[in-house]
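Read the figures in this text as sums done on the coordinates, not as results from a lab. Note that this is a predicted model, so its numbers are computed, not measured. We place every Cβ from the backbone using ideal geometry, glycine too, and count neighbours over all the protein chains shown.
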Amino acid sequence: MANRLLDRQARLLAYLTSGAAIFGEEGVAADPLLGIDPALLHLEARFSHEKRMEKISAAFPKTLQMLGANRAAVIRGFVEACPPSDISRLANARQFHEFLLARWQDEAPEPAHLPDVAACEVACATVRAGADEAPQEEGGTRAPPFGIRRHPGVVLLRCRHDVRPIFEQDSQAVPVRRDTPLAVVMPPGAHGVQVMELLPVVFDLLSALGDWTDPATFGSAPEASVLIRDLIEHGLVEGVR
Amino acid sequence: MTTNGSVPAVGLGYRSAIDDWTRANLDRFDVLEITVDHCIHAGAAQRAAIFDLVGRVPLTAHGVGLSIGTDAPLDVAYLDRVAAVVERLEAPAYSEHLAFTRVPGRDLANLLPLPKTEAVAEQIVAKVRAVQSRVPVPFLLENITYVFEWPDSKLSDAEFLNLICRESGAGLLLDVENVFLNASNHGFNPYAFLDDLSAGLVREVHMAGGVTVREEPSGRPFLADSHSHPVPDAALDLLAYALGRHRPSVVILERDDRLDAVDEVLDDLARIRACVASAQLGKRHGEPVAGSAS
């Protein structure tokens, strides 16, 4: 049974995704049952790790930069705690984000606004991938004859710091600490993801609009119609007439 | 899918990062290769952009997510999604790598070799038949590049491919760059490999260019299949040699990195076209093509 191909493949992947194989630690031998040159396994492990980190770096350029001197230790911890389980960029990005959140439970993030930056970056990756943009027939609530709902491609975030300058200007900007309701969205016709601040009341409205809703619910005041039209124009809400 | 019944169609692996450029240059490609996994995992906009190409240019279908070599049942739900994409693309064939990338709970997302034995070949043949039963177009297996070999491998690369394709009816997507890299990295004669492939096996071809890395700690140069640089002349020589022995219907240039260097992409396509034209001329005049197994 130990020689079954699946067992050998599982042993190989366990080794190739280990810190010992990826970082080439001396004195840590490869699984002798594999019978493969450890130097070549190290090379394979390094190639695979670099491909995975390319996916993660593409999603978290600012977070990784802001990790600074801790970056190597964080990545090492990530490798040991989270073996790759999915091929997609977004799945790897989410896995890295969950790892960071768990780490920050035990170790205060430095700088303090780093969790907000990471949350924004994973939200951007999600919006970019259109991961939440499930076609009607694949799931979710079927559209009624008329109604509005939050656009499925929008991600809402409530941040403790106003991190928008980091995204709009540069990573060195020091964000102000204040409760900041944000929407991460790909507006119609835009070529890139945008991070926009919302009024708290709009944030709450969008939070409540997960399902199709009759716009008459918001009353017949002209201000309500103007607001809904504005939200549709910004890609925050989709409507069926 | 040939340009005029005998000359291979020459094209590019479609990448959404250069979608605008690809559309602006559509007349330069006889065919585009679509990665079915991009259709399966992409957002609606990216999927729509891919399906918008149907009818504008012939498309062929290639996969990276099957992991046919994993010693576990195939993911039939994935295969059914592949079948739907292939149908939507109106692709004449579907190709995948003869490799494994994952085991339950762990996905390396990198192609790994299989032990080249008759027993493993038998397992793969059964899997190929399962694929053929769910995806109703010809199925092609692609030779991969590999860093290491399993110690119990008994068959050569060509013997392993010949055996699986003969028993299953699969065709071969010959990745010429991978032959070039493996020959360089593992010290075998790439022309002998091409000679050893069964006649008529090669249905499609991949071309690409990689980089040289240093193997640690020995410092030995190792060629990596990065799809990032121009196709090396030695790989074009191998293509010419292969075209003297096989009649693929499609030759695809793969490019995944440094995509902004579009002039390199166009130059590679021109070089591949010249190689294809030269091989056709050689066939007409009965002349030998470049390279030699001796």
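Remarks
- Taking Lys and Arg as +1 and Asp and Glu as -1, the other residues whose beta-carbon sits under 10 Å from that of residue B:21 total -1.
- Working from Cα pairs under 8 Å separated by at least six residues, relative contact order for the stretch B:9-285 is 16 percent.
- Environment charge of residue A:102, counting only residues whose C-beta is closer than 13 Å and scoring Lys/Arg +1, Asp/Glu -1: -2
- Inter-chain shielding of A:36-43 (mean C-beta neighbours from other protein chains, 10 Å cut-off): 5
- For the stretch B:245-259, 3J(HN,Hα) per residue [Karplus equation, 6.51 cos²θ - 1.76 cosθ + 1.60, θ = phi - 60°, Hz, x = Gly/Pro]: 10, 10, 10, x, 8, 9, 10, 10, 8, 9, 9, 10, 9, 6, 5
- Charge dipole (chain A, unit charges on Cβ, about Cα centre) - positive-most of A:222, A:47, A:91: A:47
- Note, ³J(HN,Hα) from phi for the stretch A:81-91, Karplus 6.51, -1.76, 1.60, rounded to Hz, x at Gly and Pro: 8, 10, x, x, 10, 8, 7, 6, 4, 5, 4
- Sparse-neighbour loop sites [GluC sites (Glu not before Pro); the stretch A:23-126; at most 13 other C-beta within 10 Å; DSSP]: A:25, A:26, A:107
- Extending 7 Å from the Cα toward the beta-carbon at both residue B:211 and residue A:230 defines two label points whose distance is 4.8 nm.
- Loop-located chymotrypsin sites (Phe, Trp or Tyr not before Pro) in the stretch B:183-240 whose Cβ has at most 16 other Cβ within 10 Å (DSSP): B:188
- Taking every alpha-carbon pair within chain B, the share separated by more than 34 Å comes to 16 percent.
- For the peptides B:251-264, B:69-82, the ranking by mean Cβ contacts within 10 Å, running from highest to lowest, is B:251-264, B:69-82.
- log₁₀ of I(q)/I(0) at q = 0.11, 0.15, 0.18 Å⁻¹ - the stretch B:61-162, Debye sum with one point per alpha carbon: -0.32, -0.60, -0.86
- If R0 equals 51 Å, the separation of the Cβ atoms of residue B:130 and residue A:220 corresponds to a calculated FRET efficiency of about 0.30.
- Charge tally for residue B:155 (other residues, Cβ to Cβ under 9 Å; Lys, Arg +1; Asp, Glu -1): -1.
- Helix A:222-233 axis, angle to chain A major axis (alpha carbon atoms, nearest 10°): 30
- Computed about the Cα centre, the dipole magnitude for the protein assembly as shown is approximately 520 debye when only Lys and Arg (+1) and Asp and Glu (-1) carry charge, each at its Cβ.
- Rounded to the nearest Hz, the phi-derived 3J(HN,Hα) couplings of the stretch B:41-47 under the Karplus curve 6.51 cos²θ - 1.76 cosθ + 1.60 (θ = phi - 60°) are 9, 6, x, 4, 5, 5, 4, where x marks glycine and proline.
- Rounded FRET efficiency, nearest 0.05, which uses the C-beta distance separating residue B:17 from residue A:146 and R0 of 35 Å: 0.40
- Helical content of the protein assembly as shown, expressed as a calculated mean residue ellipticity at 222 nm, amounts to -13500 deg cm²/dmol (DSSP H runs of 4 or more residues, -39,500 (n - 2.57) each, divided by residue number, nearest 500).
- Taking amide H positions as modeled 1.01 Å from N, with prolines and chain starts lacking one, the residues under 5 Å from residue A:186 and 5 or more places away or on another chain are A:194.
- Degrees between helix A:38-59 axis and first principal axis of chain A (Cα, 0 to 90, nearest 10): 10
- Amide H contacts of residue A:159 (H built 1.01 Å from N, in plane; Pro and chain starts excluded): A:180, A:182 sit under 5 Å, all sequence-distant by 5 or more or on other chains.
- The angle separating the long axis of helix A:114-129 from the principal Cα axis of greatest extent in chain A is about 80 degrees.
- Net length available on complete extension from residue B:199 to residue B:274 is 24.6 nm, with 0.36 nm assigned per residue and the Cα-Cα distance removed.
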